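The values are calculated or read from the model by the stated rules, or taken from the named source; none is laboratory data. As the structure is a computational prediction, the values presented were derived from the model and not from experiment. When we count neighbours, we look across all protein chains shown, and the Cβ atoms used for this are built from the backbone with ideal geometry, even at glycine.
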């Protein structure tokens, strides 16, 4: 289950729960640029990594069908973003995703 919490203005925190246990969260800024979504942060608890939970959070945001921007925090996560369909859009750590006409989770 993904719960939505408004932090301030148009910054939303999505918390992923499994059996009432917090698995991770994603902080999203909807006012970064008009018509874009900016993923500020995504954190998955260490013991739950590589089990599809990060993908679940990202796919939840992709359903908005708006372009998504982010900056990869380090080189370790770039493979995750590329696997999720993001492409380098500037410097080595800036990524973007453009929605296609149809999106299926």
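Picking from residues in region 30-62 that are in contact (Cβ under 8 Å) with a residue 40 or more places away in the chain and closer than 15 Å to residue 12 by Cα, the one that is surrounded by the fewest Cβ atoms within 10 Å (Cβ to Cβ) is 60.
From the list 61, 23, the one residue that fits, being outside any loop (DSSP other than H, G, I, E, B), closer than 23 Å to residue 3 by Cα, touching a helix residue (DSSP H, G or I) at 6+ places or on another chain (Cβ under 8 Å) and at pLDDT 85 or above, is 23.
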